[in-house]
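Structure first, commentary second.
The values are calculated or read from the model by the stated rules, or taken from the named source; none is laboratory data. Everything numeric in this text was worked out from a predicted model, so none of it was measured. Because the Cβ atoms are built from the backbone with ideal geometry, glycine has one as well, and the counts that use them run over all protein chains shown. These accessible areas exclude ligands, DNA and RNA; they are computed on the full protein's heavy atoms, side chains included. Shrake-Rupley method; radii C 1.70, N 1.55, O 1.52, S 1.80 Å.
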Amino acid sequence: MTEAILVVNAGSSSIKFALYHATRAGELDAGPHGEFEGIGARPHLSIHDVRGAVLLDATYTSATDHQRAITEIRDWLRGHMNAAELAGVGHRVVHGGQRFVEPVRITPDVLAALEALIPLAPLHQPHNLAPMRAIAAATPALPQVACFDTAFHQTQPAVAQTFALPHELTATGVRRYGFHGLSYEYIASVLPRVAPEIAAARVVVAHLGNGASMCAMRNGRSLATTMGFTALDGLPMGTRSGAVDPGILLYLMDQHHMDARALEDLLYHRCGLLGVSGLSSDMRTLLASDEPRARAAVDLFVYRIGRELGSLAAALGGLDALVFTGGIGENAHEIRARVCADAAWLGIGLDATANHAGGPRISTTASAASAWVVPTNENLMIAQHTLRLIGTTTR
């Protein structure tokens, strides 16, 4: 009998999941994956196989919670695992704070510590933890592992993590953490195979999607990143503002009488590409539109990437390579072309044919700094960490 790892990525109203089968060689083969959407409203469960074929498409008539959603997912998997045994569950957790600098087995003490971090990520952390409790209640002996989006950035020097705030605030944990760490860790892990010539070099990775950030790496280690204390900072995103002048928040509080919850809703849900365009948070829709505000949103996105790229290159002391990943980074050749054109001053020369083909290398051979497209796989990263920590072996 083989053993399997379930990867869970829970949000406020959805749970994304993927199953991996452990091979005798210690590798992981992808199995079914899916998403339980509409938690708390009109729930819908869709599951696909590795080729994208639909295995299940079910809509439920009554509202449900995270515990019921996890039960439905596990019940379906139990009947479709081809004699494999579920050996462990790996969870994506947005915030690990200062304590959790690497993946960890979930225990009551760990769960309590993660709950204490909820104020640092109030829109994400509670939902990351809900499936842990549900699984622990149903199958307490099943090992679970927490993998953190902040952990990869713990290698940054102190100066890159510090805000110019009074020391007593910094001491309470108000500092730059950075996010999308599981994506950056995956990219760092595959560069020695995909692009060995840049694996140890000065690399900026642009994780561009509905959530977007960039990370400066050297020798595969994070030195600086665009996100900070929260996942709001840095680049404009699908519906998130990215970096704004803190004085704007004071102005909105004073002149528009907005409280913390109103500001939270604005900055997380009504800004970014959606706010600027007034049309959509989806880059595909914006690129296909002739609306001036849609073009303005795309222009701003590209401009901010260029600004952040210059900043991260300065943190690295130069640039050897730019890597695109994430839904936009992997699929929007127009965005890649515009970013590379703006980065010509850093030595990037685009190969238009290679860019349209999707890479992996999209720069010319004469380019002083190379450009690449490398698909990310956060789920596989989580599964690998889980397999390592639970110490499972195939039988």
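Full extension of the chain segment joining PHE163 with LEU279 gains 38.3 nm, where the gain is 0.36 nm per residue of separation less the Cα-Cα distance.
Relative contact order of the chain: 15 percent, from C-alpha pairs under 8 Å at least 6 residues apart in sequence.
Tilt of helix 181-194 relative to the longest C-alpha principal axis of the chain, in degrees (0 to 90, nearest 10)? The angle comes out near 80 degrees. The residues of segment 1-129 have, on average, 47 Å² of accessible surface per residue, using a 1.4 Å probe with all protein chains present.
Kirkwood hydrodynamic radius for segment 1-51: how many Å is it when counted over pairs of different Cα atoms?
Details: mean 1/r = 0.0838 Å⁻¹.
Evaluated over segment 1-51, this radius sits at 11.9 Å.
Sort out for me the Cα centre separation of segment 13-77 from segment 100-124, rounded to whole Å. Cα centroid to Cα centroid, the span is 24 Å.
Calculated mean residue ellipticity at 222 nm for the chain: -11000 deg cm²/dmol, from DSSP H runs with n ≥ 4 weighted as -39500 (n - 2.57), summed, divided by the residue count and rounded to 500. Accessible surface computed residue by residue for segment 260-395, with neighbouring protein chains in place and a 1.4 Å probe, gives 45 Å² per residue. Segment 270-294 to segment 144-173: how many Å between their Cα centroids? A separation of 33 Å, based on Cα centres.
Give me the tail of P(r) for the chain as a percent: Cα-Cα pairs with distance above 29 Å.
On the way: 36058 of 77815 pairs.
Across the chain, Cα pairs with separations above 29 Å total 46 percent.
With Cβ to Cβ distances under 15 Å as the rule, what net charge do the other residues near ASP57 carry (K, R +1; D, E -1)? Display every interim value, and only then the final one.
Details: positive: ARG42; negative: GLU35, GLU37, ASP49, GLU72.
Net charge in that neighbourhood comes out at -3.
The long axis of helix 246-255 is offset from the longest Cα principal axis of the chain by roughly 80 degrees. Computed from Cα atoms alone, the Kirkwood hydrodynamic radius reported for segment 89-218 is 16.2 Å. Could you state the angle between the C-alpha long axis of helix 66-78 and the longest principal axis of the C-alpha atoms of the chain, as a value from 0 to 90 degrees rounded to the nearest 10? With rounding to tens, the tilt is 70 degrees.
Normalising by residue count, segment 230-291 has a Cα convex hull of 87 Å³ per residue. Suppose R0 equals 41 Å; then what is the FRET efficiency for ARG78 and ARG193 from their Cβ-Cβ distance, rounded to the nearest 0.05? So, using R0 = 41 Å, E works out to roughly 0.75.
Distances longer than 15 Å among the Cα atoms of segment 276-339: what percent of all pairs is that? Of all Cα-Cα pairs in segment 276-339, 55 percent lie more than 15 Å apart. Per atom type, the chain shows carbon and sulfur on 54% of its accessible surface, probed at 1.4 Å. In the context of the full set of protein chains, residues of segment 185-249 present 34 Å² of accessible surface per residue (probe radius 1.4 Å, heavy atoms only). Beyond 26 Å, the tail of the calculated P(r) for segment 272-395 holds 35 percent of the Cα pairs.
Report the Rg/Rh value for segment 214-343, based on alpha-carbon coordinates and the Kirkwood definition of Rh. My calculation puts Rg/Rh at 1.00.
Would you mind calculating the gained length between GLU27 and ARG51 on full extension (0.36 nm times residue separation, minus the Cα-Cα distance), in nm to one decimal? Could the numbers behind the result be given before it?
Working: separation 24, 0.36 × 24 = 8.64 nm, distance 1.91 nm.
Separation in residues times 0.36 nm, less the Cα-Cα distance, equals 6.7 nm.
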